[in-house]
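Each remark here refers to the structure printed beneath this line.
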Amino acid sequence: MVREIENAAGIPVVQIATIVPIMLTVGANRIIPGVAIPHPTGDPGRGPEGDRAVRRGLLERALRAIQTPVSEQTVFKS
Amino acid sequence: MMTKRVVCYINQFFAGLGGEEQAHVPPSSKAGTMGPAMQIDNLLGEDAEVVGTVICGDSYYGENMEKARVECLELVSAFGPDLLIAGPAFNAGRYGVACGDICKEVSERLEIPSITGMFPENPGVELYRSGTYIVPVADSARGMKNALEAIATLAGKMIRGEKLGAAEDEGYISRAIRKNFFHEVSGARRAVDMLLKKLDGVSFNTEYEMPVFKRVTPAPPVMDMSKATIALVSSGGIVPRGNPDHIRVSSAESYGVYDISKLDDLTPEVFESIHGGYDRVWANEDPDTVLPLDIMREMEKEGVFAKLYDHVFTTTGTGTAVSHAERFGREIGERLKKDGVDAVILTST
């Protein structure tokens, strides 16, 4: 899905998920490792504030990935 | 044992009618054998007899598929067959599609087995391998002899009512069907054996073959975030409560498009997870942990980017066929392009 959206729309698609090898296999070009499989964009264990902070951090990284030129599949670890 | 009745399907070329200039000929049939059917009849021996041959032009079939399918089915059916053998089509695309299509139709309608032969990259393989048995053959008729022998071997087993084993053992292309059976060696042992072979650089067969995946050139980055519209997409199964579009909890064949233009937060009162492939406890307490609408809205209000696209696209990505996922992606991508969206954040579980 990620690959075909990028292909059809010609716009950057950043994927946030937890299993990086799968994102590499399906052809995602901008990859953000998520928190956990059942809650990739949050960390409920840290309480409401911590959860939001984690989510904010991941999305800021995603926006940075969207603004970064890449020539191959790239994992944005931080 | 009663002699089984076999019908063969061939195209205009192998029937000796001509090449491309005769590819438009409509279906016809002839009692007995013709072209490669003759050799198939010989190879099948005493157990079976080719009682008839159905012929159709490749272009006729390709251009009038629904009509040709009905006409050919009728001609095949008239011979009262126990088995249909089509082709082999080698790497001829139209012929491969015609062979696959009539095999699938005959197997479904007449409830008899069918076999065809194709070069593995023939487009007919991907389309019809689940609906019939496709023997892998060479890319041209130079491989006719081997192809017919392989087809006749598989046909012989079917005619004798033998139970067929795994695709690679029986010499046909995987039908993408998994059958459970008890193995004499435990899974742990087999896995370790496989690992040892891998470490030794010795060849081994996986028990779960992964499909081949494709790549796309990375799209250029967004230059000015303050003018950018960003869309959220997810395969994490977050949908409005009650799953109004009946998206399947696994092996999804559809996705939903939901208006979030008036929402600042995904709350459990309004949204839920229906994904069948992970523990939904957290997602159902706060759907933003899978589809992060709240923070995206917050950043939009702060002006970090210009606009959050007013719809989200969601499906369940578990057991979902690659072909369906690709179609969802194409359709979503086309819509986003049309609506001038600049980038996508896609979350998966």
Here the residues within segment B:262-291 that are closer than 25 Å to residue B:335 by Cβ, assigned to a loop (DSSP other than H, G, I, E, B) and open to solvent by less than 50 Å² (accessible area, probe 1.4 Å) are B:263, B:266, B:274, B:275, B:290, B:291
A careful count of residues in segment B:156-205 that are touching a residue at least 40 places away in the same chain (Cβ under 8 Å) and not hydrophobic (A, V, I, L, M, F, W, C) gives 5
So is residue A:10 out of contact with any strand residue (DSSP E or B) (no Cβ under 6 Å at 6 or more places or on another chain), at positive phi and open to solvent by 20 Å² or more (accessible area, probe 1.4 Å) or not?
yes
Selected residue [touching a helix residue (DSSP H, G or I) at 6+ places or on another chain (Cβ under 6 Å) and open to solvent by 20 Å² or more (accessible area, probe 1.4 Å)] from B:331, B:298, B:326, B:302:
B:326
For segment A:16-37, what are the residues that are open to solvent by 10 Å² or more (accessible area, probe 1.4 Å) and of a type outside the set (Val, Ile, Thr)?
A:21, A:24, A:33, A:34, A:36
Do we have residue A:15 as more than 7 Å from every other protein chain (Cβ to nearest Cβ) and among the polar types (S, T, N, Q) here?
no
Which of the residues spanning segment B:319-347 are within 7 Å of another protein chain (Cβ to nearest Cβ) and among the β-branched types (Val, Ile, Thr)?
B:332, B:341, B:344, B:345, B:347
Looking at segment B:235-247, can you tell me whether even one residue there is of a type in the set (Ser, Thr, Tyr) and in contact (Cβ under 8 Å) with a residue 40 or more places away in the chain?
yes
Quick check: anything in segment B:287-304 of a type in the set (D, E, K, R), touching a residue at least 12 places away in the same chain (Cβ under 8 Å) and facing chain A (nearest Cβ under 7 Å)?
yes
At pLDDT below 95, of a type in the set (A, V, I, L, M) and open to solvent by less than 100 Å² (accessible area, probe 1.4 Å) - does that describe any residue in segment B:213-220?
yes
Whichever residue in segment B:270-304 is among the β-branched types (Val, Ile, Thr) and under 16 Å from residue A:49 (Cα atoms) and, among such residues, is nearest to the chain's Cα centre (by Cα)
B:289
What do you reckon, is residue B:25 touching a residue at least 12 places away in the same chain (Cβ under 8 Å) and of a type outside the set (D, E, K, R)?
yes
Of the residues B:235, B:186, B:226, only one is surrounded by fewer than 11 Cβ atoms within 10 Å (Cβ to Cβ), within 14 Å of chain A (Cβ to nearest Cβ) and not hydrophobic (A, V, I, L, M, F, W, C); which?
B:226
Working only within segment A:8-26, note down all residues that are touching a residue at least 24 places away in the same chain (Cβ under 8 Å) and closer than 24 Å to residue B:339 by Cα.
A:12, A:14, A:16
Restricting attention to segment B:250-261, the residues that are part of a loop (DSSP other than H, G, I, E, B) and either open to solvent by less than 40 Å² (accessible area, probe 1.4 Å) or modelled with pLDDT of 95 or more (or both) number exactly 5
Filtered residues of segment A:38-64 (kept if open to solvent by 40 Å² or more (accessible area, probe 1.4 Å) and facing chain B (nearest Cβ under 7 Å)):
A:44, A:52, A:56
Somewhere in segment B:94-117, is a residue β-branched (Val, Ile, Thr) and modelled with pLDDT under 95?
yes
If you check residue B:244 against the conditions, is it over 27 Å from the mean Cα position of the chain (by Cα), farther than 20 Å from residue A:9 by Cβ and not β-branched (Val, Ile, Thr)?
yes
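The values are calculated or read from the model by the stated rules, or taken from the named source; none is laboratory data. Being a predicted model, the structure only gives us computed values, none of them experimental. Neighbour counts run over all protein chains shown; Cβ positions are idealised from the backbone, glycine included. When the accessible area is computed, the model is the full protein with side chains, heavy atoms only, and any ligands, DNA or RNA have been set aside. Shrake-Rupley method; radii C 1.70, N 1.55, O 1.52, S 1.80 Å.
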